[in-house]
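The values are calculated or read from the model by the stated rules, or taken from the named source; none is laboratory data. It should be emphasised that the depicted structure is a prediction, and the values quoted were computed from it without experimental measurement. Cβ placement follows ideal geometry from the backbone for every residue including glycine, while neighbour counts extend to all protein chains displayed. Keep in mind that these areas ignore ligands, DNA and RNA; they rest on the heavy atoms of the full protein, side chains included. Shrake-Rupley method; radii C 1.70, N 1.55, O 1.52, S 1.80 Å.
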Amino acid sequence: MKEDSAAKNAKNRIDELTDAVNYHNYRYYMLEDPVISDFEFDKLVKELAVLENAYPEYIREDSPSKRVGGAVSEKFGQVKHNIPMLSLDNAYSKDEVTEFDGKIKRFLGYDIREEIDYECEFKFDGLAIELVYKNGIFVQGSTRGDGVTGEEVTANLRTINTIPLKLQKDISYQKNISYIEVRGEVLMDKKGFKRLNEERLEEGLSLFANPRNAASGSIRQLDPEITSRRNLIMFAYGVGDYSKEIKFETQFEIMSFLRTAGININKNIKVVKGISDAIDFFDDIEKKRESLPFEIDGIVIKVNDLKLQERLGEISKSPRWATAYKFSAKQEVTGITGIEVSVGRTGILTPVAILNPVNIGGVIVKRATLHNQDETSKKNINIGDRVLVERSGDVIPEVVKVVFKGKKAGAFKLPDFCPCCGSPVVIDGAAHRCMNELSCPCQIKGAIVHFASKRAMDIEGLGEKIVGKLVENGLIKNVADIYYLKQGDLSSLEGFGEKSEENLFNSIEKSKNISYDRFIYALGIRHVGEHIADLLVKYFGDVNGIKSAGIEELSSKFGIGEEIGKSIFNFFRLNSNLAVIERLFKAGVSPYIINVSISAENSKIAGKSFIFTGGLKDFTRDEAENIVREMGGIIEKTVKKKLDYVVAGGEPGSKYGKVVKLKLNIINEDEFKELIKK
Ligand code: IVH
């Protein structure tokens, strides 16, 4: 009897927590307006995980724990779409768009002067998918495939945070929507794409040509865990079949309905009267295009009235009522005048084409990457060839293909000796690499720049130029030397004043307090990007833990493969590397571990509430707040009677008066540092 009531309580709590987590997910990802802190959110997720572990029979279909999970499939099943997923006709000019409008009017028997209401949206450049919701629950996801049959990729789509596992109840009936098929596009943002390719290059894997291919490759992964790491986004643009209780009259109503149901809809939607306003919308968006975080390749213009859509119907698999008005391609043809070989921080040789300068979409492009020997050979590129060059977003322009072969037959060959130090080059997977890791000047400079970079130790002011000068003047030979620079070392360099020296010393000092995963990432161990650095710290703790792991343990623990395992193992076998780490620690670099479960248990501030007022010297507000959260503390934004610590920095704000009145416990920056020390 007792057991029954415990189980009942557990079930109720699981229900409550599932709803709460889904709701906060919706606030965070769809509304971008979270109402609880990340820490509080994690607490709910953890409590749910513990209960679900004890009572797996009560795990709900829409549980957040179902985002990643499920077995790795051998092959995807097939899904026949209830209503075929059509494609769009394209227009590339004002004339073609005007003709699209004309055809519609002729078909409907309208006067040419009549204005049609069009709904304009982004044309997302990703992978089309369909999501099926039954009684509000996400039950199946598939790719478009050939439009009639797609692949069943539910487990992978579940990992995408902008795809809700449960819809919000229907606003008018306050009931779950009984059935709806939502259609949309899965994208990878520009930053994520750049990072993924950088990682792949470093790991010797083939590169994705563009974010669309990367998104498609990520969805068609057999292991959902990999998909979950790819930071994909989904934007919906329509519906397939749906149950009778739902009624729409316009495309705009469909989009508004989806938005209130909790489905991710992009803000840039406009209903316009007449085609010339749709063209204006296109011109506006074209200006915005570069600054968008993801790729679009134009806009889609849709007849807004669904009754008119029905009358217009379709012709050869495209609707008559919609067209994709596409931006002109950001590709141009130009000649290659030379090929330079650059040596990266990990010794990888990259061929870079020097181009006859060419204007591509408003930017003059003079260089384009050829990636590596495999790509150059596959595309058969050499000096003197005329080539098609593509520029997309922030990504480095690349040579797509040869359009006219020049005098030099065959493809350019990377040299056998490093152009930077003359050491022999070895072939390492898809990479050509200079193995002179410790003394090749290109690698030393690169390694130091990487160490100091924003995502690593974040030493502001220690960029390529200054590192170049410091290395060339023999002031630093490895990353530890940064912490042994003396006053006057820098101000003696050309273009370096006392003030800039002082600023640099301040940021060097600040970098000593950094999270352990960033420290490991900063070391520049071959194949260890941010993600693997994070895993290493989670599984092995600190440098000593990682150092004592064997190759087998390193490779098998989180499935990184033997090559990466070996690279980590070898790094910690090299005495010179260990000596550098030792010197870093001696200089006062003391990375902290930010695993919540570990640090919160041992921390003095777990469960204590904090508020910050005024500026701190050694932390930004975000950094300080994150440290508190990571150590299990709670950040408050408004002054309350019950607050454990008020951290007051320089020039405290209006909160300070209230704090004094309430006689709260005020501490300064040094005392705060003492509290967070392990
Ligand atoms: S509507 C019948 N709207 O473009 C209408 N499609 O060539 C078909 N796409 O497979 C879809 N953004 O993947 C529509 N705002 C948008 C879109 C969009 C991107 C893709 C979609 C489709 C392809 C059609």
- prompt: Per-residue HN-Hα couplings for the stretch 479-486, Karplus 6.51 cos²θ - 1.76 cosθ + 1.60 at θ = phi - 60°, whole Hz, x for Gly and Pro?
  reply: 5, 5, 4, 3, 7, 10, 5, 10
message: Using helices alone, I'd like the mean residue ellipticity at 222 nm for the chain: each DSSP H run of four-plus residues gives -39500 (n - 2.57), total over residue count, nearest 500.
response: -10500 deg cm²/dmol
Inter-site label distance for residue 35 and residue 573 at 7 Å from Cα along Cβ, in nm: 5.7 nm
statement: Of the listed pairs 244/273; 11/66; 8/166; 465/566; 267/538, those with alpha carbons more than 26 Å apart are 244/273; 465/566; 267/538
message: Quick check: the distance between the Cα centres of the stretch 553-580 and the stretch 387-449, to the nearest angstrom?
response: 25 Å
message: Please report the carbon-and-sulfur percent of the accessible area for the chain; probe 1.4 Å, protein heavy atoms only, DNA, RNA and ligands left out.
response: 51 percent
message: Between residue 49 and residue 314, what is 0.36 nm times their sequence separation minus the Cα-Cα distance? Round to one decimal in nm.
response: 90.6 nm
message: For a test of the definition: using alpha carbon positions, the gyration tensor, and the 1.5 limit on a/c, classify the chain as rounded, prolate or oblate.
response: oblate
Unmatched cysteines, the chain - criterion: no other Cβ of a Cys under 4.7 angstrom: 120
Calculated from backbone phi, Karplus (6.51, -1.76, 1.60) coupling profile of the stretch 348-361 in Hz, x at Gly/Pro: 6, 8, 10, x, 10, 7, 8, 10, 5, x, 9, 8, 10, x
field: Which listed pairs, of 302/330; 642/677; 191/642, have C-alpha distances above 32 Å, in listed order
entry: 191/642
- prompt: Residue separation times 0.36 nm, minus the C-alpha to C-alpha distance between residue 268 and residue 499: what's the value?
  reply: 78.6 nm
query: Given R₀ = 56 Å, FRET efficiency for residue 9-residue 407 by Cβ-Cβ distance, to 0.05?
result: 0.10
- request: Using θ = phi - 60° and the Karplus relation 6.51 cos²θ - 1.76 cosθ + 1.60, list the HN-Hα couplings for the stretch 300-308 in order, rounded to whole Hz, with x at every Gly or Pro.
  value: 10, 10, 10, 4, 6, 6, 5, 5, 5
- request: Extending each Cα 7 Å along its Cβ direction at residue 400 and residue 539, get the distance between those two points in nm, one decimal.
  value: 4.0 nm
Under-5 Å amide H pairs with residue 314, H placed in peptide plane, nonlocal only: 320
message: Can you compute the FRET efficiency between residue 677 and residue 641 using 1/(1 + (r/R0)^6), with r the Cβ-Cβ distance and R0 = 22 Å? Round to the nearest 0.05.
response: 0.20
- request: Restrict the search to the stretch 235-334; then list the GluC sites (Glu not before Pro) that DSSP places in a loop and that have at most 13 other Cβ atoms within 10 Å of their Cβ.
  value: 245, 249
- request: Could you calculate the FRET efficiency of residue 484 with residue 366 from 1/(1 + (r/R0)^6), where r is the beta carbon distance between them and R0 is 41 Å, rounded to 0.05?
  value: 0.55
query: If contacts are Cα pairs under 8 angstrom and at least 6 residues apart, what is the relative contact order of the stretch 157-279 in percent?
result: 36 percent
- line: Expressed as a whole-number percentage, the relative contact order of the chain with C-alpha contacts under 8 angstrom and at least six residues apart is 9 percent
- prompt: Which lysines have a Cα less than 23 Å from the Cα of residue 641, not counting those fewer than 8 places away in the same chain?
  reply: 604, 608, 655, 658, 661, 663
message: Relative contact order of the stretch 541-584, please, whole-number percent, based on alpha carbon pairs below 8 angstrom and at least 6 residues apart.
response: 28 percent
query: Label residue 65 and residue 492 with points 7 Å out from Cα along Cα→Cβ: what is the distance between them in nm?
result: 6.3 nm
field: Long-range HN-HN contacts of residue 262 with modeled amide H, under 5 Å
entry: 168
query: Rounded, prolate or oblate: which fits the stretch 506-642, taking a ≥ b ≥ c as square roots of the Cα gyration tensor eigenvalues, rounded meaning a/c under 1.5, else prolate when a/b beats b/c?
result: prolate
Rounded accessible area per residue of the chain, 1.4 Å, Å²: 50 Å²
Amide H within-cut-off set for residue 609, under 5 Å, with H built and near neighbours excluded: 634, 644, 645
field: Length gained when the stretch residue 243-residue 426 is fully extended (0.36 nm per residue, less Cα-Cα span)
entry: 59.7 nm
